[in-house]
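Structure, as C-alpha cells:
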Amino acid sequence: MKIKTIIIGAFIEIIELVEELDIKIVGFVDNEKQGIFNNYPILCRDSDAPYLLSNYKMVPLILTPDKPSVRKKLQIYYKNLGFSFLSVVSKSAKISKSAKIGAGSIVQHAVNISSEVNIGKFTKLNTGCNVMHNSIIGDYSTIAPNAVILGYVKIGKYCYIGSNATILPNIEICDNVNVGAGAVVTKNIIKQGTYIGIPAIIK
C-alpha cells in the first residue's frame with residue numbers, strides 16, 4: 001500500500017520531492033491558498049486542523065516551512081492534536097551509511113551527508129547543501145541551498161545557515177543563530193543573533 005501524507009505548507013519543491021518518492025499526497029494545510037493547488041486539494045488552514053482528525057488522524061504530516069521557529073511551533077501544535085510525522089529524503093541525496101537523520105526531517109535533492117553525521121529531528125536540508133564528516137546539526141535547524149558544513153562542526157537547535165554559507169571545521173554554533181547567505185564562519189558563535197560577512201560577524 002502506498003504511503004500517504006498531508007503536507008503542511010503548499011510548496012512546489014516539496015510537492016515534487018514527495019511525488020518522486022511515490023508518496024500519495026492527500027492534500028495540503030495552507031493559510032493562504034484555497035481550493036486546488038497543483039492538482040491537490042487545500043484541506044484547511046492550520047487553525048482548522050482539529051477538524052482533520054476524524055478522517056486523517058492516521059495520515060502522517062510533512063512540515064515544510066524554512067523558518068526553524070515556525071517548524072517547531074507547528075510540530076508541537078500538530079503533535080498535541082495527535083498527528084504523526086513523516087521524514088522525506090530525496091533519492092538523489094548521498095547519505096553515508098554511518099549518518100543518522102532525525103524524525104520529521106526533509107533532505108532535498110543533491111544533498112551530501114558524510115560519515116558519522118548526526119542530523120537532529122525536524123531539520124531541513126535544502127538542495128545541494130554539504131554536511132561533512134562528524135558534524136552535528138541540531139533539531140529544527142535549516143541548512144539552505146549549497147551551504148557547506150565542514151568536518152566536526154556542531155550547529156545548535158533552531159539555527160538557519162544561509163545559502164552558500166561556509167562553516168569552517170571544528171566550529172561550534174549555539175542555538176538560535178542565523179548565518180547570512182555567503183557568510184564564512186571562522187570562529188565559534190556563542191551568542192544568538194544574525195551573522196553576516198567574511199569572516200562572519202554579528203549584525
Practice item. May I ask which of Lys2/Lys73; Lys72/Lys157; Lys100/Lys154; Lys124/Lys157; Lys154/Lys187; Lys67/Lys121 have a Cα-Cα span longer than 19 Å here? Key: Lys2/Lys73
Check your understanding: What fraction of the DSSP beta bridges in the chain is antiparallel, stated in percent and rounded to the nearest 5?
Key -> 10
Exercise for review: Rank the residues Lys73, Lys97, Lys57 as a footprinting-exposure proxy: fewest other Cβ atoms within 10 Å of their Cβ go first.
Suggested key: Lys97, Lys57, Lys73
**Study point:** the chain: relative contact order as a whole-number percent, Cα under 8 Å and 6+ apart
**Key:** 11
Practice item. Write down the Å³ per residue value for the convex hull defined by the alpha carbon atoms of region 89-192. Key: 62
Practice item. Calculate for the chain the 222 nm mean residue ellipticity that helices alone would give, adding -39,500 (n - 2.57) per DSSP H run of length 4 or more and normalising by residue count, nearest 500 deg cm²/dmol. Key: -4000 deg cm²/dmol
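Once R0 is set to 22 Å, what does the formula 1/(1 + (r/R0)^6) return for the Cβ-Cβ distance between Gln34 and Ala110, expressed as a FRET efficiency to the nearest 0.05?
Numbers: r = 33 Å, r/R0 = 1.50.
Approximately 0.10, to the nearest 0.05.
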Check your understanding: Out of Leu81, Pro68, Thr123, whose Cα points farthest toward the positive end of the dipole of region 53-203 (charges: +1 Lys, Arg; -1 Asp, Glu; placed on Cβ)?
Key -> Leu81
Exercise for review: Please get the size of the charge dipole for the chain, origin at its Cα centre, with Cβ charges of +1 on Lys and Arg and -1 on Asp and Glu, quoted in debye to the nearest 20.
Suggested key: 440
Revision key, fill the gap. Percent antiparallel among DSSP beta bridges confined to region 4-86, rounded to 5, stands at 15
Check your understanding: Pairing the Cα long axis of helix 68-81 with the longest principal axis of the chain, what angle in degrees results, from 0 to 90 and rounded to the nearest 10?
Key -> 40
Check your understanding: Can you give the convex hull volume per residue for the Cα atoms of the chain, as a whole number of Å³?
Key -> 112
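The numbers here are math on the coordinates, done by the rules we state, and not lab data. These figures come from a predicted structure and were not determined experimentally. Because the Cβ atoms are built from the backbone with ideal geometry, glycine has one as well, and the counts that use them run over all protein chains shown.
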